[in-house]
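The values are calculated or read from the model by the stated rules, or taken from the named source; none is laboratory data. Being a predicted model, the structure only gives us computed values, none of them experimental. All Cβ positions, glycine included, derive from the backbone under ideal geometry; neighbour counts span all protein chains shown.
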């Protein structure tokens, strides 16, 4: 009984990657490991006249590989588990666009991810090309707004696709790729502060199952580092604003008139940063309306600053959501000076300012915010009474 068990064990640590490609033309096929640190060992062989190839790899944990035909061509990415026999079909002339994969569920997931990202990148490139074609058009300002909205929609759709993919199965190894996909060399698909929860979800699911995987171990280490960094940043932000006078904000309203935050001095003020394109901040509008109606007569005001680049979309959102307090927007998006002035990188973000024009809390919501506002008026009433 010993010998068959040994044979099974050996086979279970092997990965076989083979394929049959059309139009081979004697081209080389390259298989390269993707390690946690970058590119690993590279293997190559000449495609047979029939277009077949075969690689055998000894592995002890799931591994990522890139497979390409000819130098400088677009590669495909595979995710192979020990014991898998993976087969690739397609055209040697354009492997990325034509390939099909069998024998590896995770490799099919990776294909779904990479091809959807490729579609998004093509969308963004085409919009940039259209913009260049219309640079000299007299209506370029309006065209720019339309193209910018479409550009942002492409990015948002890709982000939602990635989030849905991760949520469907947080324990899928292909999520290692989903978490770190980029739109370009400097822009990650999942780059918002709120997206960190997806990193935590994947790390929690994968680390229990695949501790031995170098890529999973690298993700886990990265998560611990990010946790430490976020905790430090949050503490610095908290200490930098609590008890400090509110920095001045001077932004235009819908009529173009400049409205200063300091014009509301003496009131309890909620400075609320939001955007027409941000679902979470718009969802909170109903809560803000309730608070505004409850405390306005006592001296409560909301100074709501939009991080938008499309002022028409901003004004439309204000009207649709029935927002009746101070609304301002400079149309500079994340380049607005208020972003650095109040040190935030997510939406919505809010600061509560007391009657002495001092920041007393940040990002309180719901009942906590209601209680805090109430306590400020009670404290003022108590002081006045004395």
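Observations on the model:
- For residue 82, the conditions (1) over 28 Å from residue 23 (Cα atoms); (2) at pLDDT 95 or above; (3) touching a helix residue (DSSP H, G or I) at 6+ places or on another chain (Cβ under 9 Å) all hold with the exception of (2).
- Residues that are within 22 Å of residue 278 (Cβ to Cβ), over 13 Å from the mean Cα position of the chain (by Cα) and exposed (fewer than 13 other Cβ atoms within 10 Å of the Cβ) within the range 148-198 comprise just one, 167.
- Matching option when the condition is modelled with pLDDT under 90 and not assigned by TED's automatic domain parsing to the domain that holds residue 151, among 336, 281, 297, 285: 285
- In summary, helices (runs of 4 or more DSSP H) completely within the range 272-386 and bearing 1 or more residues that are within 30 Å of residue 142 (Cβ to Cβ) occur at 279-283, 285-295, 311-320, 337-341.
- Within the range 46-70, the residues that satisfy the criterion of being assigned to a strand (DSSP E or B) and under 28 Å from the mean Cα position of the chain (by Cα) are 63, 64, 65, 66, 67.
- Those residues of the range 81-115 which are farther than 18 Å from residue 47 by Cβ and more than 26 Å from the chain's Cα centre (by Cα), in sequence order: 81, 82, 83, 84, 85, 102, 103, 104
- In the range 205-217, the residues that are touching a residue at least 24 places away in the same chain (Cβ under 8 Å) and in contact with a helix residue (DSSP H, G or I) (Cβ under 9 Å, 6 or more places away or on another chain): 205, 206, 209, 210, 213, 215, 216, 217
- Only one of the listed residues (77, 136, 73) is under 23 Å from the mean Cα position of the chain (by Cα) and either assigned by TED's automatic domain parsing to the domain that holds residue 160 or closer than 22 Å to residue 40 by Cβ (or both). That residue is 77.
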